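Structure first, then comments.
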Amino acid sequence: MATIISENTISEIKNTADIVDIVSEFVLLKKAGRNFVGLCPFHSEKTPSFTVSPEKQIFYCFGCGVGGNLFSFLMKHNGISFPEAVKMIAGRYGIEIPDQKLSPIQEKRMSERESLFDVNRKALDFFRNVLFNSSEGKRAMAYLEKRGLEEKTICRFNLGYAPSGWDTLVHFFLKKQVPPELIEKSGLIVSKKNKNGFYDRFRNRIIFPIFDVNMQVIGFGGRVLDDSLPKYLNSPETDVYNKSRSLYGLHLARQKCRETGSVFIAEGYLDLLSLHQHGIENSVATLGTALTADHIRLLKGYADRMILVYDSDQAGIRAARRCIDIFWKEHVNFRKEDVFRKENVDTRILVLTDGHDPDSYLLEFGAEAFFNAAKKAPGIISFLMESAIKKYGISVEGKIRIVSELKETLAAIDDGVARSLYIKELAELISIDESAVLEKVREVLVKKKNDIRRINRSNGFPCPNFKGPDNSNKCREKTISEIGSRLERQIISMMLQFPEILPEIDRRNLLDNFEDQLLKSIGQTLLTLKGNFQSRVLSTQPTARDCVHASEIMSRIDDKEIRGIIAALAITENFWDNEGCMKLIAQFEDSRNRSGSDLLRKIKAAEAANDHELLMRLLEEKQKLAVINKQQKLNQRGGK
Ligand SMILES: [Zn+2]
């Protein structure tokens, strides 16, 4: 049901909820001074630049420039709307949201996603009912029992069964008067070729509902009971279901992942159920897709050790290469994915013996053997080295092929120390001279460097030289320091952090002299909002005032870029007092006086006095000055 949320409720939520609390659900945060820092969930990085301020209740990433308050964080991170974010936080803190009617337009916008969740939820009930209360369901139940699944696991994961009829689900929804077009959007039914009606997508299949971390049903997977094909069928992607960003079982695994700091990643539904049933609850499964960079970013918020579980060397090698691929692609984009670097995400490959999948392995050997095997699971690079040695042997011929197969992998490690350690390890493993391996790796590196140069040139990327991926952050960090002048940024920063100064800024018309239009408009917004805050400013403690101020403003800004700029300027650690503020204002006025704000005053006076001749002369002068200023600015930038 769609509801509108009152200002009162929103402010109650703001006063209760804590941004550190909310963000910690998704990002591992560590205390750093007055703030908390962690690895940014919105871009790939190795050193934490994602900063959360508990005082100001805002976040900002110094790497990619994303910033906002707790609502904008949830909206961006979970891909949800503002009302959804509000509801999520309200639910968490037990704040009730009184129902209020929406306008027709709001209703339409809001209701599409909610309707899809609703359809999915109804379908889940339908499938469950078939599994537990029909003769077809009994057959499916017998199959699940044969596979060793206990009823509590079946219930915990809400398994169901799709009956064999072609339109059982279609009729179920027709009876409930749900429009078929909506059900089609959910992917549960498919339009017939002749456009004359619909049929059920899932028939004769065990149904695995897929939940997001908010416990909403986003899609379904279906598995046949026999050997017919396709063995697995999944919902298509919809407005609420994105395969490369969803992981099966994460809703039940995330708590354990956080507790243990590690996560097992399996490939199939049944493997995942088996892992959970054996008490290995920090497990998730990919949904018919290979592991993606988004998956890794998502999981990074819960665990810093990932163990990918496979049933054969071949599958393991494919996955390991894929991880390096992710790394490589991100690297070319100057966004570093440290998927296999020990100091960040420690990624391991666990290949179970004798072609066992997790399900059969656990049935035969039990959970303890599984944990022991996991403890010995090698990292990605070591795994690839071991596999290559196993494959080619260490004859002279074999050694040549091993080095040739691994040179790309080794070159993809962009940490020089780690790379040389692995090169040394490989050289020792196959007893050849280290410099021989090094030479092969260098060849790849030189080629890589040239490729990146070429790509940058064709993309017009501002970094002309490849200086290693750490460069990437610097390139993007520039964005905030490139906006306006240092003084103008400081003034906005002061306005955000010391709102007591707002009346003074207003009185002096300080913003009129701003050259940067974006900063000027942000400043004007702050002045407009001033009235709203003043009563609260006077009545609360200084830190509470800070918190209300910066975070509150975020709620009122729709533009992502501007939100980022505000977060950047609000989160810097400055200690403002009246005296410091007045000094800054004086400094700014001084600089403007020099560069012609007295000219502006003269122009205004000439306007008031209707002195046309003087006015024309002054305007001409102003134009000249503007050109000079612009040139000066360019010179300053060039000289940096
Ligand atoms: Zn970022």
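Nothing in this text is a laboratory measurement; each read-out follows from the coordinates by a stated rule. Keep in mind that what you see is a predicted model, and the values were worked out from it rather than measured. Neighbour counts are summed over all protein chains in view; Cβ atoms, including those assigned to glycine, are modelled from backbone coordinates with ideal geometry.
Taking 0.36 nm per residue of separation and subtracting the current Cα-Cα distance, fully stretching the chain between Glu145 and Asp590 would add 152.1 nm. FRET efficiency for the Glu500 to Met215 pair, using the beta carbon distance and R₀ = 35 Å, is estimated at 0.20.
Label positions at Ser521 and Val417, each projected 7 Å from the Cα along the C-beta direction, are separated by 4.6 nm. Provide the FRET efficiency to the nearest 0.05 for the Leu619-Asp577 pair, computing r from the beta carbons and using R0 = 35 Å. Computed FRET efficiency for Leu619 and Asp577 comes out at 0.30. Exposure proxy for Arg617, Arg305: other Cβ atoms within 10 Å of each Cβ, ordered fewest to most, give Arg617, Arg305. Is the shape of region 211-272 rounded, prolate or oblate, going by the alpha carbon gyration tensor and its root eigenvalues a ≥ b ≥ c, with a/c under 1.5 for rounded and a/b larger than b/c for prolate? Taking the square roots of the gyration eigenvalues as a ≥ b ≥ c, region 211-272 is oblate. Partners of Lys122 within straight-line reach, counting aspartates and glutamates whose Cα lies under 15 Å from its Cα and excluding those fewer than 8 residues away in the same chain: Glu114, Glu184, Asp200. Neighbour counting of Cβ atoms within 10 Å sorts the residues Cys40, Cys61, fewest neighbours leading, into Cys40, Cys61.
By the scheme Lys and Arg +1, Asp and Glu -1, what is the net charge of all other residues having a beta-carbon under 13 Å from that of Gly398?
Values: positive: Lys390, Lys391, Lys399, Arg401; negative: Glu397, Glu405.
Around Gly398, the surrounding residues sum to +2.
Only Cα pairs under 8 Å and 6+ residues apart enter the sum, and on that basis the relative contact order of region 21-87 stands at 20 percent.
Once you order the gyration tensor axes a ≥ b ≥ c over the Cα atoms, which shape class does region 368-433 get: rounded for a/c under 1.5, otherwise prolate or oblate by comparing a/b with b/c? It comes out oblate by the Cα gyration axes.
Any chance you could run the full-extension gain for Lys76 through Arg601? It's 0.36 nm times the residue separation minus the Cα-Cα distance, nm to one decimal.
Details: separation 525, 0.36 × 525 = 189.00 nm, distance 4.49 nm.
Gain in length upon complete extension: 184.5 nm.
Shown in residue order for region 412-429 are the 3J(HN,Hα) couplings computed by the Karplus curve 6.51 cos²θ - 1.76 cosθ + 1.60 at θ = phi - 60°: 6, 7, 8, 7, x, 5, 4, 4, 5, 5, 5, 4, 4, 4, 5, 4, 5, 4 Hz (x for Gly and Pro). Residues of region 256-286 with an amide N closer than 17 Å to a point placed 7 Å from the Cα of Lys231 along the Cα-to-Cβ direction: 266-275, 285-286. Cross-link reach is defined here as a Cα-Cα straight distance under 12 Å, omitting same-chain residues fewer than 8 places apart; for Lys449 the aspartates and glutamates meeting it are Asp414.
Sort Ile5, Ile491 by Cβ crowding within 10 Å, fewest neighbours at the top. Please report the intermediate quantities before stating the final value.
Numbers: Ile5 17, Ile491 25.
Final ranking by Cβ density, sparse to dense: Ile5, Ile491.
How high is the FRET efficiency between Asp433 and Arg322 when r is their beta carbon distance and R₀ equals 30 Å, given to the nearest 0.05? Approximately 0.45, to the nearest 0.05. Each label point was placed 7 Å from the Cα along the Cα-to-Cβ direction; for Glu482 and Ser404 their separation is 4.5 nm.
Once both labels are positioned 7 Å from their Cα atoms along Cα-to-Cβ, the gap between His171 and Lys390 label points is 5.2 nm.
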